[in-house]
Structures are given as structure tokens and as C-alpha cells.
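The values are calculated or read from the model by the stated rules, or taken from the named source; none is laboratory data. Treat the numbers as computed from the prediction; the structure is a model and nothing was measured. Because the Cβ atoms are built from the backbone with ideal geometry, glycine has one as well, and the counts that use them run over all protein chains shown. In case anyone asks, the SASA skips ligands and DNA or RNA and just uses the protein heavy atoms, side chains included. Shrake-Rupley method; radii C 1.70, N 1.55, O 1.52, S 1.80 Å.
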Amino acid sequence: MKQGIHPENYRLVAFKDMSNEDVFITKSTVETKETITHEGVEYPVFKMEISRTSHPFYTGKSKLIDTAGRIDKFKTKYAKHTK
């Protein structure tokens with residue numbers, strides 16, 4: 001492997017799934033400005049819309065997540081083609 005091409009700033013980061021409030025801790029180099037206290041320890045936090053605990057492939061449940069009205073935009077755009 002080439003030397004000096006991998007980041008050096010790995011640290012523990014909390015990843016928070018905003019759809020179900022699940023939090024998991026892993027090492028990452030992601031840049032964050034916010035922090036969260038998880039199990040009495042403060043971590044930088046990265047907020048996600050979907051993770052392994054809420055994704056239908058992993059949960060086996062179909063869940064409709066509409067962010068920024070994308071579904072409504074799609075329905076109005078293609079409403080004329082439903083005749």
C-alpha cells in the first residue's frame with residue numbers, strides 16, 4: 001500500500017438516525033460541528049436520514065420517508081399521465 005494517502009484524524013463519532021433516533025458510535029473522519037452525549041460520554045454527532053435500523057432492506061418493513069415533499073412533487077408532475 002502507498003504510504004501517506006490515508007487520513008490520520010480518525011476519532012469516535014456518534015451517527016444519529018433522525019427517523020427513529022437510533023445512535024451508534026464508530027470511528028470516522030467526518031467533519032461535524034455538533035456534539036451529543038451518549039451513555040455519559042460526549043461525541044461529535046453526524047445526523048442521517050436513514051440507517052441500518054430504519055432502512056426497509058434491513059428491517060423488512062416498508063416505510064415511506066418523504067423529505068422536502070419529493071413524493072408530492074412527483075405525483076403532481078406525473079398526474080397528467082394517469083388518465
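Within segment 1-37, list the chymotrypsin sites (Phe, Trp or Tyr not before Pro) lying in a DSSP loop whose Cβ has at most 14 other Cβ atoms in a 10 Å radius. Qualifying residues, ordered by number: 10. The order of 38, 6 by accessible area, most exposed first and with a 1.4 Å probe, is 6, 38. Based on the Cβ-Cβ distance from residue 6 to residue 80, what FRET efficiency comes out when R0 is 35 Å, to the nearest 0.05? It comes out at approximately 0.10.
Between the amide H of residue 36 and those of 43, 45, distances stay under 5 Å, these residues lying 5 or more places away or on another chain, with hydrogens modeled in the peptide plane. The stretch between residue 21 and residue 33 holds 2.5 nm of extra length on full extension. This uses 0.36 nm per residue minus the Cα-Cα distance.
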